[in-house]
Each structure stands twice: as structure tokens, then as C-alpha cells.
1. Quick one: Cα centre-to-centre distance for the stretch 53-71 and the stretch 30-49, in angstrom?
2. Give me the one-decimal nm value for the distance between modelled label points at residue 28 and residue 84, 7 Å along each residue's Cα-to-Cβ direction.
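No value in this document is a laboratory result; all are computed from the given coordinates. Worth saying up front: this structure is predicted, and the values here are computed from it rather than measured. Every residue, glycine as well, gets a Cβ built from its backbone with ideal geometry; the counts of neighbours run over all protein chains shown.
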Amino acid sequence: MTARLAVRSAGLAALGAVVAGSLSDGLCLFRACTGLACPGCGMTRAAGRLVGGDVVGSLAMHPLLLPLLAVTGIWGVEWVVRRRTGDRPVIGPRLGIALAVAIPVVWLLRLALGLLPPV
């Protein structure tokens with residue numbers, strides 16, 4: 001049951017990435033209020049470029065997409081493995097917290113250096 005759910009979730013995530021990659025512009029409340037790109041700005045376009053095989057372009061759009069995908073994958077695998085043993089996940093949540101801290105830090109650096117993607 002758990003493996004089937006994981007496969008379905010991965011399939012839906014892949015489908016979502018393809019659909020998201022085909023979108024050119026969306027509604028961003030942060031941008032509407034501030035006129036600035038939000039901390040996640042470029043993530044959808046980065047996913048689209050990654051699905052298209054353009055890793056360098058994906059990193060240029062948002063440098064944290066690949067780490068986000070890696071953390072999500074590690075967290076998911078750890079959850080499945082530890083669920084079978086009855087233990088709580090340890091590594092995944094810690095990586096998630098580190099990524100949650102990294103997103104605003106990277107956004108501030110990109111803002112200061114003028115590297116935010118066009119909105």
C-alpha cells in the first residue's frame with residue numbers, strides 16, 4: 001500500500017512539474033503587493049527547464065529547486081523506511097528546516113545582487 005502511494009505521488013508530482021513548466025506567468029500576491037519577486041519566484045520556471053533537460057537554466061531561474069527535490073526525495077525514502085521499523089524520520093525533517101532557512105537567505109542574496117528572475 002505504501003509503495004503504491006509513493007508511486008502515485010511521484011507520478012502526480014512529475015505531472016505537476018510538466019504542467020507548471022508550461023505556465024508562463026501566474027498570480028503572485030507577494031509581487032502584487034511589493035512589486036518584487038517572491039522568495040519562490042522562478043521555481044515554476046526552473047521546474048519547467050529541468051523537465052526539459054536544461055539543468056543550468058533551471059539553476060539560473062532558482063538555485064534551490066534541485067536541493068528542494070533532493071530533500072523531498074530523502075524525506076520520502078526515510079519516511080517509508082522508518083515507517084516499517086516504527087522509528088521517526090530524523091534526517092528529512094532536519095534537511096527541511098535547513099532548506100526553510102536557506103530559501104529567505106538565498107532570496108535576500110539574489111535581491112541584493114540583482115539576480116532575481118524577471119517578474
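1. 14
2. The two pseudo-label positions are separated by 4.1 nm.
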